[in-house]
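Undergrad: Have a look at the structure that comes next, please.
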There are 2 protein chains.
Amino acid sequence: MEKEQYVLGIDYGTDSVRAVLVDAMTGSEITSAVAYYPRWAEGRYCDPSKSMFRQHPLDYVEGLETAVKQALAGLPGAGEKVAGIGIDTTGSTPCATDAAGRPLALTEAFKDNPNAMFVLWKDHTGVAEAEEINHYARTWGGTDYTKYEGGIYSAEWFWSKILHVLRADPQIRNAAHSWAEHCDWLPALLTGTEAGVKRSRCAAGHKAMWHEEWGGLPPERFLEGLDPVLKSLRDRLYTVTYTSDQKAGGLTTSWAARLGLRPGTAVAVGAFDAHMGAVGGQITPSALVKIMGTSTCDVMVAPYEVIGKKLIKGICGQVDGSVIPGMIGLEAGQSAYGDVYAWFKRMLSWPLEELTETSMIDRATGEKLRQQIEDGILRKLSEEAARIPCQETHLVALDWLNGRRTPDADQTLKGAILGLTLGATAPEVYRALVEATAFGARAIADRFRAEGVAIDQVIALGGIAKKNEFVMQVASDVMNMPIKVVSSDQACALGAAMFGAVAAGVYGDIQEAQTRMGGGFSQTFMPGLERAREYQKLYGDYLRFGTEIAGHLRDL
Amino acid sequence: MEKEQYVLGIDYGTDSVRAVLVDAMTGSEITSAVAYYPRWAEGRYCDPSKSMFRQHPLDYVEGLETAVKQALAGLPGAGEKVAGIGIDTTGSTPCATDAAGRPLALTEAFKDNPNAMFVLWKDHTGVAEAEEINHYARTWGGTDYTKYEGGIYSAEWFWSKILHVLRADPQIRNAAHSWAEHCDWLPALLTGTEAGVKRSRCAAGHKAMWHEEWGGLPPERFLEGLDPVLKSLRDRLYTVTYTSDQKAGGLTTSWAARLGLRPGTAVAVGAFDAHMGAVGGQITPSALVKIMGTSTCDVMVAPYEVIGKKLIKGICGQVDGSVIPGMIGLEAGQSAYGDVYAWFKRMLSWPLEELTETSMIDRATGEKLRQQIEDGILRKLSEEAARIPCQETHLVALDWLNGRRTPDADQTLKGAILGLTLGATAPEVYRALVEATAFGARAIADRFRAEGVAIDQVIALGGIAKKNEFVMQVASDVMNMPIKVVSSDQACALGAAMFGAVAAGVYGDIQEAQTRMGGGFSQTFMPGLERAREYQKLYGDYLRFGTEIAGHLRDL
């Protein structure tokens, strides 16, 4: 029998799904395609003023079909040679399902009800419920079930969202049999196992308070005590979870036909994008992998012998097998990274509105000019900021413009710029903001170390890592470590493909898949000795300022 | 004999001198003219990178002649009817003089030596000397001679500048017989009394540590102990000082001819612009007069019975007769006011540079467009910021971008913006900066009150007061007091004219001149009850933040 050559990595992002056809032997990315979610693009089922963000399951289904077919079209015949499929998604992004495991929005009665759709990771409608969960977990008299998730339960997570929707919508309350994460449902859909969906360890452990210490999800009496609306839901959810090297099932005949693949093709259990991305980015013990975009997700793995049941203080979660099976996956992150620079760019762009209102040039030229200048701002700021020696600005910023995710989650914190003089220029302020995000990155690394998790290398992937050399150099100087940038622009999809390969039996485990399929690094940023020394001092200012004014920033 | 009808107010600013012809009976401004200093405009004798700012005496002399003649040309025959002249200048702006009382730069040997010229108020070359003076004054074992000047001697003041120039330039050390303030020298020049110049009480008391408690300037042993280079200078300076209701002398025949005035016309003793401006702005006991421009100068007067020898903590100085003869003149101020907004405008203008570099429009259009947008920024920011209710921004700024003059002078402080979120807009940040300057204003008023000086009204004059309604409304809300804006755009010159009238004997004292010549107020800003309440809270945040991070801001 001829050996199958390809695997498919499917990466569901916030706006689109990407399908990448990967050579299972070498990890080379052969073809790829992206499909945007049509309903989402129109803003349907969302209300940004209330931070309500819902996605219709049909967006996922149609997007998948489009992206996979288009990717396969790039290499005729390849569909026949696809051995396995791996799928990553955003999360926590749960949806109410019926007894058959189908999202309620796929039934006629609920097709336009946002509460019957996937509640996207960044939906914040469950803020009050998150507060309740935190309060209850600490005061109910038993185990604090948030303890392996950093001790602070987020509005962006599974139970906050479920509780909010069940309270808000009696129809859903009656119709919802169970709930599934996006990364649970997609593999189940493709393999015809929706009714008995294999649950993702990654999603369960990081977002749903699942832990083997208490035999799975928090016990019935905890959930019912939180709100009777949750009564008996636990039994209709799950106890067993699976790591993503496991097969969710084989592709159904009908899905095989729709996608142009063979029936029975192995589909791996799903996981979250950052976790599969870390695998695609060559994560190993003692490597800190930073997925750097608008915000960051910082992922590490550590052998069970190193961590055991020790609680790592102030990070987002620690889950056995959430990243690499057999190791503890650790997640941290910054609530804003690229978003901090985007904020500054937006502020500097404010006077440019005038370009479309002046009578000196026509409106179309004004609009083009505005766009051109706006698009160049961050590049130009980076160029000029790079020329300012780090000893020279004397500005210190705090990077918490979107709160602080880690270390020590606190969404009520805010940002600051300190040390302003009349001579302070836009590139100097930008430089301070870039330094602040790097200080935030360092604070996470320092926390890992302080908790006994060694870091001997930093690996970066994502938009910022590939596009902004100045930002990366400052991060390297501040962390005083080399930072290796992952070659692949699609590391999440590549990681998903690795899981697909293991689930299909092409490789025995993820480490072997990483060795064979890893794409290496395109660039390494090295810290400068003198800059690192200078930043050691400035980092001290950052920490001191942060500690001293945190209380007041919270109150603003 | 027909009663003379007019007086001339001469106002020397940083860039130009203004002459205003005023009806001595009504205070109406009949004609006026401005002359810019030609050498200064070219940037000669200055090195901004070293904060070195010198002005050639010929700039003052030529400017005076141009401005006065042009003003008089507006009403033929008026020169014959001018009874008196009052002169205000910037300060402390001293110059080395020869034995005849002439500025050394007017002698052939020194005509191009910046050290032989007037050392402008904002020249900071004496920073090290100021530190020495402060240290010495506190440790030499005797009286602290800075005590009536707020207890902290500034680099911008008389002795810091003299000490710096004498140390830096041996030629000046040999040639300098004495030193004169700009406001001392000009009246002396016009009245032929340079050799026996009548010294301004205002300049002497606020900037030269002159006080009757120790019989004039600090004693010889203090000055010589500070540096032997000052040995015996005290005897060649002065002991007696004069308030500006006194006549410096009568106009010489030659100056009368040059200016088109009558010989013998009374010229009043000079004083600083803010002090005469406060008089022109109708200062009375319990009125706080704010001269609001790039920075502010805050002036009050209080009867001797109220203050006595009590030291008002943390203000800039308290001098018997410096504003209104017979009362204690009190000076405070903020190091940056309009300059804070100008800084923000400059930062927002940064991307506009691109307009002159893009190929989409020609360079000339780009330059005009850039200028147009830049010129509109503060107006547009004010419009939009005015629409944001003060409860809504949640940003707090510290206004010390140029250090803090009062309360409690500290030039090492810096500015800050706190509470930033990803949604913070340019108008919101601007609003916070405007509020910060208002908080700074309130802190000064609160200090006066805390020290027993009652304030029952606020009077504003200067560019900001006349031009930015939003800024003035916020100041009124934050101070929770009505703010009356002085009608005259030339309140300093009007005040100088009042002193000219009293020196000429038109009126018996300054209060009478104020009553007869005062121009009233053009507008009153009233505080809003709800805004004032809200600001009461935000002001608390400003004070708390300031206190807690001041130490760190100093170290940046």
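Okay, residues lined up against (1) in the same structural domain as B:PHE158 (by TED's automatic domain parsing); (2) within 26 Å of B:ILE291 (Cα to Cα); (3) open to solvent by 10 Å² or more (accessible area, probe 1.4 Å); (4) not in a loop (DSSP other than H, G, I, E, B):
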| residue | (1), (2), (3), (4) |
| --- | --- |
| B:ARG18 | yes, yes, yes, yes |
| B:LEU21 | yes, yes, no, yes |
| B:MET25 | yes, yes, yes, no |
| B:VAL34 | yes, yes, yes, yes |
| B:LYS69 | yes, no, yes, yes |
| B:LEU75 | yes, no, yes, no |
| B:ILE85 | yes, yes, no, yes |
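Undergrad: Follow-up question, since we're still on this one. Considering region B:470-507 alone, what residues qualify as being among the β-branched types (Val, Ile, Thr) and over 22 Å from B:ALA71 (Cβ atoms)?
TA: Within region B:470-507, B:VAL471, B:VAL474, B:VAL478, B:ILE483, B:VAL485 meet the criteria.
Undergrad: So which of B:LYS290, B:LYS231, B:LYS309 is surrounded by 22 or more Cβ atoms within 10 Å (Cβ to Cβ) and among the charged types (D, E, K, R)?
TA: B:LYS290
Undergrad: Same structure again: Just checking, how many residues over region A:16-35 are under 18 Å from the mean Cα position of the chain (by Cα) and closer than 12 Å to A:TYR60 by Cβ?
TA: Residues that pass the stated criteria total 2.
Undergrad: Under the condition of being assigned to a loop (DSSP other than H, G, I, E, B) and not aliphatic (A, V, I, L, M), which residue from region B:372-398 is modelled with the lowest pLDDT? Reasoning before the result, please.
TA: First, pick out the residues of region B:372-398 that are assigned to a loop (DSSP other than H, G, I, E, B): B:387-395.
Okay, now just the ones that are also not aliphatic (A, V, I, L, M), so B:387, B:389-394.
On the way: B:ARG387: 97, B:PRO389: 95, B:CYS390: 91, B:GLN391: 88, B:GLU392: 88, B:THR393: 80, B:HIS394: 87.
So, considering only residues that are assigned to a loop (DSSP other than H, G, I, E, B) and not aliphatic (A, V, I, L, M), the one modelled with the lowest pLDDT is B:THR393.
Undergrad: May I ask you to list the residues in region B:501-556 that are open to solvent by 30 Å² or more (accessible area, probe 1.4 Å), touching a strand residue (DSSP E or B) at 6+ places or on another chain (Cβ under 9 Å) and of a type in the set (Val, Ile, Thr)?
TA: B:THR524
Undergrad: Among the numbered criteria (1) more than 9 Å from chain B (Cβ to nearest Cβ); (2) surrounded by fewer than 21 Cβ atoms within 10 Å (Cβ to Cβ); (3) touching a Gly at 6+ places or on another chain (Cβ under 6 Å), which single criterion is violated by A:HIS394?
TA: Status for A:HIS394: all satisfied but (1).
Undergrad: Residues to consider are A:ILE464, A:ILE455; find the one that is out of contact with any Lys or Arg (no Cβ under 7 Å at 6 or more places or on another chain) and of a type in the set (Val, Ile, Thr). Before you say what the answer is, go through the steps one by one.
TA: Values: A:ILE455 fails: out of contact with any Lys or Arg (no Cβ under 7 Å at 6 or more places or on another chain).
From the options A:ILE464, A:ILE455, the qualifying one is A:ILE464.
Undergrad: Got a sec? Which of B:TRP214, B:TRP255 is surrounded by fewer than 16 Cβ atoms within 10 Å (Cβ to Cβ), aromatic (Phe, Trp, Tyr) and touching a residue at least 24 places away in the same chain (Cβ under 8 Å)?
TA: That would be B:TRP214, the only listed residue that is surrounded by fewer than 16 Cβ atoms within 10 Å (Cβ to Cβ), aromatic (Phe, Trp, Tyr) and touching a residue at least 24 places away in the same chain (Cβ under 8 Å).
Undergrad: For region A:193-211, name all the residues that are within 19 Å of A:ALA503 (Cα to Cα), crowded, with 16+ Cβ neighbours inside 10 Å and small (Gly, Ala, Ser).
TA: A:SER200, A:ALA203
Undergrad: Also, I was wondering about something else. Go through region B:89-112 and report how many residues are farther than 12 Å from B:PRO57 by Cα and either open to solvent by less than 20 Å² (accessible area, probe 1.4 Å) or assigned to a loop (DSSP other than H, G, I, E, B) (or both).
TA: The total comes to 8.
Undergrad: Additional query: Of all residues in region A:36-60 being among the aromatic types (Phe, Trp, Tyr) and part of a loop (DSSP other than H, G, I, E, B), which is farthest from A:ASP112 (Cα to Cα)?
TA: Residues of region A:36-60 among the aromatic types (Phe, Trp, Tyr): A:36-37, A:40, A:45, A:53, A:60.
Those left that are additionally part of a loop (DSSP other than H, G, I, E, B): A:37, A:45.
Details: A:TYR37: 16, A:TYR45: 8 Å.
The extreme case among them is A:TYR37.
Undergrad: Which is closer than 30 Å to B:ALA175 by Cα and either buried (at least 21 other Cβ atoms within 10 Å of the Cβ) or without any contact (Cβ under 8 Å) to a residue 12 or more places away in the chain (or both), of B:GLY126, B:GLY141? First the steps, then the outcome.
TA: Details: B:GLY141 fails: closer than 30 Å to B:ALA175 by Cα.
Exactly one residue qualifies, and that residue is B:GLY126.
Undergrad: Report yes if B:ASP298 is outside the structural domain of B:CYS183 (by TED's automatic domain parsing), acidic (Asp, Glu) and buried (at least 24 other Cβ atoms within 10 Å of the Cβ), otherwise no.
TA: yes
Undergrad: Mind listing whichever residues of region A:440-495 are surrounded by fewer than 22 Cβ atoms within 10 Å (Cβ to Cβ) and in a loop (DSSP other than H, G, I, E, B)?
TA: Residues satisfying the conditions are A:GLU451, A:GLY452, A:ALA454, A:ILE455, A:ASP456, A:ASN468, A:ASN480, A:MET481, A:PRO482, A:SER487, A:ASP489.
Undergrad: Applying the selection to region A:324-346, what residues are more than 9 Å from chain B (Cβ to nearest Cβ), in contact with a strand residue (DSSP E or B) (Cβ under 8 Å, 6 or more places away or on another chain) and assigned to a helix (DSSP H, G or I)?
TA: Within region A:324-346, A:GLY338 is the sole residue that qualifies.
Undergrad: Do you know which residues across region B:505-556 are within 30 Å of B:VAL82 (Cα to Cα), free of Cβ contacts under 8 Å to residues at least 60 places away in the same chain and acidic (Asp, Glu)?
TA: Passing the criteria: only B:GLU512.
Undergrad: I'd like to check something: does region B:266-287 contain any residue that is surrounded by fewer than 24 Cβ atoms within 10 Å (Cβ to Cβ), assigned by TED's automatic domain parsing to the domain that holds B:ASP509, touching a Leu at 6+ places or on another chain (Cβ under 8 Å) and over 30 Å from B:ARG346 (Cα atoms)?
TA: No, because not a single residue in region B:266-287 is surrounded by fewer than 24 Cβ atoms within 10 Å (Cβ to Cβ), assigned by TED's automatic domain parsing to the domain that holds B:ASP509, touching a Leu at 6+ places or on another chain (Cβ under 8 Å) and over 30 Å from B:ARG346 (Cα atoms).
Undergrad: I've got another one for you. Which residues, taken from region A:399-421, are assigned to a strand (DSSP E or B) and more than 11 Å from chain B (Cβ to nearest Cβ)?
TA: Within region A:399-421, A:ARG404, A:ASP410 qualify.
Undergrad: Same structure, new question: Under 6 Å between Cβ atoms, at least 6 apart or on separate chains: pull out the pairs that start in region A:339-367 with a residue that is over 29 Å from A:GLY415 (Cβ atoms) and end on any residue that is hydrophobic (A, V, I, L, M, F, W, C).
TA: Close Cβ pairs satisfying both conditions: A:MET360/B:LEU369; A:GLY366/A:LEU355.
Undergrad: For the subset of region A:347-375 comprising residues that are open to solvent by 70 Å² or more (accessible area, probe 1.4 Å) and at the interface with chain B (Cβ under 7 Å from one of its Cβ atoms), which member is farthest from A:ILE417 (Cα to Cα)?
TA: Per the stated criteria, the residue is A:LYS368.
Undergrad: Right, next: Quick test for you: out of A:PRO303, A:PRO325, pick the one residue that is in contact with a Pro (Cβ under 7 Å, 6 or more places away or on another chain) and not assigned by TED's automatic domain parsing to the domain that holds A:HIS275.
TA: Selected residue: A:PRO303, the only one of A:PRO303, A:PRO325 that is in contact with a Pro (Cβ under 7 Å, 6 or more places away or on another chain) and not assigned by TED's automatic domain parsing to the domain that holds A:HIS275.
Undergrad: Those residues that are of a type in the set (Val, Ile, Thr) and open to solvent by less than 50 Å² (accessible area, probe 1.4 Å), I need them from region B:397-420; list them, please.
TA: Selection gives B:THR406, B:ILE417.
Undergrad: Looking at (1) open to solvent by 30 Å² or more (accessible area, probe 1.4 Å); (2) under 19 Å from B:LEU418 (Cβ atoms); (3) aliphatic (A, V, I, L, M), can you tell me which one A:VAL429 breaks?
TA: Among (1) open to solvent by 30 Å² or more (accessible area, probe 1.4 Å); (2) under 19 Å from B:LEU418 (Cβ atoms); (3) aliphatic (A, V, I, L, M), A:VAL429 violates only (1).
Undergrad: For A:LEU378, all conditions in the list (1) touching a Lys or Arg at 6+ places or on another chain (Cβ under 9 Å); (2) of a type in the set (A, V, I, L, M, F, W, C); (3) facing another protein chain (nearest Cβ under 9 Å) hold save one; what is the number of the exception?
TA: Among (1) touching a Lys or Arg at 6+ places or on another chain (Cβ under 9 Å); (2) of a type in the set (A, V, I, L, M, F, W, C); (3) facing another protein chain (nearest Cβ under 9 Å), A:LEU378 violates only (3).
The values are calculated or read from the model by the stated rules, or taken from the named source; none is laboratory data. Note that the coordinates shown come from a computational prediction; the quantities given were computed from them, not determined experimentally. Neighbour counts are summed over all protein chains in view; Cβ atoms, including those assigned to glycine, are modelled from backbone coordinates with ideal geometry. Ligands, DNA and RNA are excluded from the accessible area calculation, which covers all protein heavy atoms including side chains. Shrake-Rupley method; radii C 1.70, N 1.55, O 1.52, S 1.80 Å.
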